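> What follows is a structure written as structure tokens; I'll ask about it next.
Every read-out reported here was derived from the displayed coordinates using simple, explicitly stated rules and does not represent laboratory data. Everything quoted here is computed from the prediction, not taken from an experiment. Cβ coordinates were reconstructed from backbone atoms using ideal geometry, including for glycine residues, and neighbour counts include every protein chain displayed.
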Amino acid sequence: MTDIDASQAERGGVMESQNIGEVEPAEGMSGIAAEDIIWAFVVSAIVLGLTPAVFIYALLVA
């Protein structure tokens, strides 16, 4: 076994180190970050802000 093979075996192998699909949050953190909550509020504010404009536009065009 070469040095490279030994280091890969200690790390858990090549495939396990390249597992991109699973991202585990750091210790002490939940899965939802503050940025996610802020992003959701911004998107909902934009949608709710544009709703009256779309409604008035639909009334004017119809």
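> When the chain is fully extended, how far beyond the present Cα-Cα distance does T51 get from A33, taking 0.36 nm per residue of separation? It would help to have the intermediate numbers written out before the result.
On the way: separation 18, 0.36 × 18 = 6.48 nm, distance 2.77 nm.
Full-extension gain reported as 3.7 nm.
> Same structure again: According to a simple spin-label model (label point 7 Å from Cα along Cα-to-Cβ), what is the distance in nm between L59 and A40?
Taking the two extended label points, one gets 3.2 nm.
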